[in-house]
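S.K.: Here it is, the structure in full.
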Amino acid sequence: MLTALTRFVVRSSGRSAVATVVATLAVCVAAAVYAGFTLRFNTEPDALFSRDLPFRVAEDEFYRLFPGEADVIVVVVDGPSTASAERAADRLAMALSSASDLFISVRQPTGGDFFKRNGLLYAPLGDLQALSKTLVDAQPLLGTLSTDPSARGLFQLITRVFDAAAAGDVAASDFAPSVDQVASASTRSLDGAAASIDWAALFAAVGRGDMSHRAFVLAQPKLDRTALQQAGNATDYVRKTAGELGLTAANGFRVRLTGSVPLSDDEFATVAEGTGIAGLISVALVTVLLVLALESLKLVAAVLLTLVFGFLATAGWATLAVGELNLISIAFAVMFVGIAVDFGIQFCLRFQEERYRHEDLGKSLDMAAQAMALPLAQAAAATALGFFSFLPTAYRGVADLGIIAGGGIVIAFVLTLTFLPAVLVLIRPKTRRASVGYQWARPVNTQLLKHRRRVLGIAAAATLLAGLGLPRLVFDFDPLKLKDPKTESMATLLDLMKDPETSPNTVDVLLPSPDAADALARRLASVSEVDKTLMLQSFIPDRQPEKLAVISDAGLLMDTTLNPFEVKPAPNAAEEIRSIGATKEMLRKIAGKGTTQAFQAARRLADALEALEKADGATRLRSTAALVPGLRTILGQLRAAFSPQIVTLEMLPDTLKREWLASDGRFRLQVFPSGNSSDNAALEKFAGVVRDIAPDATGAPISTRESGRTIVRAFLEAGILSFLAIAVLLAVFLRRLRDVVLTITPLLLIGVLTFATCVAARLQLNFANIIVLPLLFGIGIAFNSYFIMSWRAGGDNFLQSSLSRAVIFSALTTASGFGTLWLSEHPGTASMGELLTISLAWTLVTTLFFLPALLQSARAR
């Protein structure tokens, strides 16, 4: 019945060829237009999993309560000094805040007047006492700078220090590093390079103890959900603004972007770029192989047209059935082309074989339809079922792919039996003058069947040997491993992950009260996998009365030093030159009196000042810009730091409270892992321990752990479901248990050999390349079905038949077309191309050599 129906459809399409082509063109173009206006792209890794999963529910709840933590651009500002980096971040944050059309919010995590005023309270009491003594000891130096905060005042200070050093003051020698910095900054200014002095590090008076020369700005952009790069305008604006503010490499700054938004945008850009290059190469290779397979440009054109129209129709189906493409379902193109090319080659080669026997085109199409009806229908149905088996799973990325690819296979099957025959009637390819098969393969086929037991024995031994390596197969579902480490966002993230304080691999828990948060923090403190915890109460400094007493005592002593009654006006050019000359002469005299580090620093600075004295005004201005602004900043910070207040929860800044106190009154507890936060095994253990204690915890380590488990569970569920469904389908088609077993058995060999090769090649499975497995399953079922149907019809000369030619070129076109993904810069895409190439190679070997031997052995028995 199915064969008769197929012959009727093919004959009808041929008789009404023009109408069939026009109708197909209209439907496919309409589908393409519909997809072009409606189909969306979702680049978020979170979109790959069902929102009903417990870890996704907790994650969504957290971002609902703390919207400022979602969709963030982290702007990392590195400067010549801590003070310059903080000034730059202040200016950048102010500039970005004015762009309300691009940003929802802009903030600095540790900036603002609150921390400038109360920063010293967060230092340990012992460190604060030591810092207080350091500042009091430096009072004469600070007094000179406060009275004259200019290059002239700095040079006057240096003169006094070296006078003291020459008089035998050992403590004055401690100022040698500062002099080295002044010499270095002056020399760089002479060379036209950016320069700065890290006054905060020299005086150790930042309060937070951060000497990293780094500051941060957190910007939450308004996303364009219809664009491939959803925050493209915002990130472009950040870079443009940084350049306009002079935050460039030429001025000693480096501004980099990372965070969830740049990571997502960069990933999609990398995938698109890599796929585009691979696509151009694959089109060329597929076309060449189709020419070699079909040996007719008209047939190649017919197959390519069928492929193009089928792809357009599948895009429309994707829009109707799913509505959006994610990082996994976008691979439907790979799946569709892999199967559609196979259908086209199989039908056209059978048509050519029949055309060789019967010159009449209509009869050749009819005979090809009769021969290919059951094999194509069985292959299409089995492959579609394999994809549709993912629908019930929680791995939405592959579930969506299953819907799209399964529907695409049905579309490919329909077009192969309608549009392709219609095109063949219209273009009327020439009659073939020779058989399609490989006659030279007859002796190979004979030897293969003769030594079938040896072939089966080799296959069994290979299966056992390969199976020994399967326990070493690695599943790595860390999404960061799939991103291109060369992109700015990923390279910056890897840099931040080196510091436990800035690593994103933390876990968050929401608690109903401060007491509950304290209790959980104490419990987690006893866990070895936990380094520390942070919550709103953590921003209440301990031992405040004692610290305030230390700060107050130091402040009384430093008040007139930092706030002099009279401040000298900035020097003019002539005064500055005289100051440079006088300091140079003094340093020359003193430098010859000793050989310690201080005297060596004096010689270096004297040389720099001599060149600076002779330089033009623009060069001296650059030198002043390198020396003075940081000095004024640190003096301002010191003045603010000596006027703190008792810190309570109520007086914490609202911006800080919003980061730690939810709108429903719950308190956020952040948990930091101990050890290496980049170690997947350590992070998985950390996530498991924390979740055992706090089941509703959320965060990157938990998402990675649970998403990996979801993926494994989804493939197990889909594997069992597809096996049962396809077994039933094959039983319906083949009606013999033996034939069902013969069809499925080679798939086990292909799977074992593919995974063993992955182990040998150190190729890890991840949530990108694992989608190759359904395609491997589908192509394997299709190839096996063709051979089984031919064998059931009495055939045994497989290698010399048109069937083998079709299988070989089908595998080669799929491998060459999508193996080129291996060339992609995107690690996930490249691993997908690598795994696909490996699996297709074993599929081809197994189908051509193992399956014929297996079928002949079954026939002999």
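The values are calculated or read from the model by the stated rules, or taken from the named source; none is laboratory data. None of the values given here were measured: they were computed from a predicted structure. Virtual Cβ from ideal backbone geometry, glycine too; neighbours counted across all protein chains shown. Calculation scope for accessible area: heavy atoms of the full protein, side chains included, ligands and nucleic acids excluded. Shrake-Rupley method; radii C 1.70, N 1.55, O 1.52, S 1.80 Å.
S.K.: May I ask you to verify whether residue 554 is within 30 Å of residue 124 (Cα to Cα), modelled with pLDDT of 80 or more and touching a Ser or Thr at 6+ places or on another chain (Cβ under 7 Å)? Before the answer, list the steps.
M.R.: Working: within 30 Å of residue 124 (Cα to Cα): yes; modelled with pLDDT of 80 or more: yes; touching a Ser or Thr at 6+ places or on another chain (Cβ under 7 Å): yes.
Considered against the rule, which asks whether it is within 30 Å of residue 124 (Cα to Cα), modelled with pLDDT of 80 or more and touching a Ser or Thr at 6+ places or on another chain (Cβ under 7 Å), residue 554 comes out as yes.
S.K.: Next up: Looking at segment 351-363 only, could you name the residues that are more than 18 Å from residue 301 (Cβ to Cβ), touching a helix residue (DSSP H, G or I) at 6+ places or on another chain (Cβ under 7 Å) and not acidic (Asp, Glu)? I'd like the intermediate steps shown before the answer.
M.R.: Here is the first cut: in segment 351-363, the ones more than 18 Å from residue 301 (Cβ to Cβ) are 353-354, 356-360, 362-363.
Narrowing further to those that are touching a helix residue (DSSP H, G or I) at 6+ places or on another chain (Cβ under 7 Å): 353-354, 358, 362.
Answer for segment 351-363, where residues must be more than 18 Å from residue 301 (Cβ to Cβ), touching a helix residue (DSSP H, G or I) at 6+ places or on another chain (Cβ under 7 Å) and not acidic (Asp, Glu): 358, 362.
S.K.: Return the only residue of 506, 431, 487 being touching a residue at least 40 places away in the same chain (Cβ under 8 Å) and either within 30 Å of residue 308 (Cα to Cα) or out of contact with any helix residue (DSSP H, G or I) (no Cβ under 9 Å at 6 or more places or on another chain) (or both).
M.R.: On the way: 506 fails: either within 30 Å of residue 308 (Cα to Cα) or out of contact with any helix residue (DSSP H, G or I) (no Cβ under 9 Å at 6 or more places or on another chain) (or both); 487 fails: either within 30 Å of residue 308 (Cα to Cα) or out of contact with any helix residue (DSSP H, G or I) (no Cβ under 9 Å at 6 or more places or on another chain) (or both).
After ruling out the rest, the residue left standing is 431.
S.K.: Being surrounded by fewer than 17 Cβ atoms within 10 Å (Cβ to Cβ) and not in a loop (DSSP other than H, G, I, E, B) is the requirement here; does residue 554 meet it?
M.R.: no
S.K.: Out of 85, 130, 138, report the one residue that is over 22 Å from residue 221 (Cβ atoms) and modelled with pLDDT under 80.
M.R.: 138
S.K.: Moving to a separate point now. For segment 686-693, state whether one or more residues are assigned to a loop (DSSP other than H, G, I, E, B) and basic (Lys, Arg).
M.R.: no
S.K.: All but one of (1) at pLDDT below 85; (2) open to solvent by 40 Å² or more (accessible area, probe 1.4 Å) hold for residue 458; state the number of the condition that does not hold.
M.R.: (1)
S.K.: Being more than 39 Å from the chain's Cα centre (by Cα) and polar (S, T, N, Q) is the filter here; which residues of segment 638-672 pass it?
M.R.: Taking segment 638-672 first, the residues more than 39 Å from the chain's Cα centre (by Cα) are 638-648, 650-651.
643, 645, 648 - these are the residues of segment 638-672 that are more than 39 Å from the chain's Cα centre (by Cα) and polar (S, T, N, Q).
S.K.: Would you mind stating whether residue 733 is open to solvent by 10 Å² or more (accessible area, probe 1.4 Å), over 33 Å from the mean Cα position of the chain (by Cα) and among the aromatic types (Phe, Trp, Tyr)?
M.R.: Here the answer is yes, as residue 733 does meet what is asked.
S.K.: Looking only at segment 469-482, count every residue that is within 20 Å of residue 714 (Cβ to Cβ), open to solvent by less than 50 Å² (accessible area, probe 1.4 Å) and part of a helix (DSSP H, G or I) and tell me the total.
M.R.: So the answer is 2.
S.K.: Consider segment 658-681. How many of its residues are part of a strand (DSSP E or B) and among the aromatic types (Phe, Trp, Tyr)?
M.R.: 2
S.K.: So, residue 525, is that one closer than 29 Å to residue 679 by Cβ, open to solvent by less than 30 Å² (accessible area, probe 1.4 Å) and more than 28 Å from the chain's Cα centre (by Cα) or not? Give the steps one after another, and end with the answer.
M.R.: On the way: closer than 29 Å to residue 679 by Cβ: yes; open to solvent by less than 30 Å² (accessible area, probe 1.4 Å): no; more than 28 Å from the chain's Cα centre (by Cα): yes.
Criteria not met by residue 525.
S.K.: Please report, ordered by residue number, the helices (runs of 4 or more DSSP H) entirely within segment 751-861 with at least 3 residues that are within 27 Å of the chain's Cα centre (by Cα) and surrounded by 24 or more Cβ atoms within 10 Å (Cβ to Cβ).
M.R.: Output list reads 772-792, 802-819, 827-845.
S.K.: In contact with a Phe, Trp or Tyr (Cβ under 7 Å, 6 or more places away or on another chain), of a type in the set (S, T, N, Q), over 30 Å from residue 851 (Cα atoms) and modelled with pLDDT of 90 or more: does that describe residue 492?
M.R.: no
S.K.: For segment 39-55, give me each residue that is over 16 Å from residue 404 (Cα atoms), touching a Ser or Thr at 6+ places or on another chain (Cβ under 7 Å) and at pLDDT 75 or above.
M.R.: 49, 53, 55, listed by residue number.
Each row is one residue, and each column tells you yes or no for (1) open to solvent by 40 Å² or more (accessible area, probe 1.4 Å); (2) not in a helix (DSSP H, G or I).
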site	(1), (2)
467	no, no
484	no, yes
489	no, no
494	yes, no
505	no, yes
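S.K.: Quick check: anything in segment 583-602 among the hydroxyl-bearing types (Ser, Thr, Tyr), under 50 Å from the mean Cα position of the chain (by Cα) and surrounded by 14 or more Cβ atoms within 10 Å (Cβ to Cβ)? Please lay out each step first, then the result.
M.R.: Taking segment 583-602 and keeping what is among the hydroxyl-bearing types (Ser, Thr, Tyr), we get 583, 595-596.
Checking which are under 50 Å from the mean Cα position of the chain (by Cα) leaves us with none.
Looking for residues that are among the hydroxyl-bearing types (Ser, Thr, Tyr), under 50 Å from the mean Cα position of the chain (by Cα) and surrounded by 14 or more Cβ atoms within 10 Å (Cβ to Cβ), one finds none in segment 583-602, hence no.
S.K.: For segment 561-585, give me each residue that is touching a residue at least 60 places away in the same chain (Cβ under 8 Å) and not charged (D, E, K, R). Reasoning before the result, please.
M.R.: Of the residues in segment 561-585, the ones touching a residue at least 60 places away in the same chain (Cβ under 8 Å) are 561-564, 566-568, 570-571, 575-576, 579-580, 582-583.
Result: 561, 562, 563, 564, 567, 570, 571, 579, 580, 582, 583.
S.K.: All but one of (1) part of a loop (DSSP other than H, G, I, E, B); (2) surrounded by 13 or more Cβ atoms within 10 Å (Cβ to Cβ) hold for residue 531; which doesn't?
M.R.: Failed condition: (1).
S.K.: To continue, here is another question. Hey, among the residues in segment 813-828 that are of a type outside the set (Phe, Trp, Tyr) and within 22 Å of residue 476 (Cα to Cα), which one's modelled with the lowest pLDDT?
M.R.: Keep residues of segment 813-828 that are of a type outside the set (Phe, Trp, Tyr), which gives 813-817, 819-821, 823-828.
From what's left, within 22 Å of residue 476 (Cα to Cα): 819, 821, 823-828.
Working: 819: 68, 821: 71, 823: 72, 824: 72, 825: 72, 826: 74, 827: 81, 828: 76.
Within segment 813-828, the match that is modelled with the lowest pLDDT is 819.
S.K.: State which residue pairs qualify: first residue part of a helix (DSSP H, G or I) and inside segment 122-138, second residue β-branched (Val, Ile, Thr) and open to solvent by 50 Å² or more (accessible area, probe 1.4 Å) in any location, beta carbons under 9 Å apart, and separation of 6 or more residues or different chains.
M.R.: none
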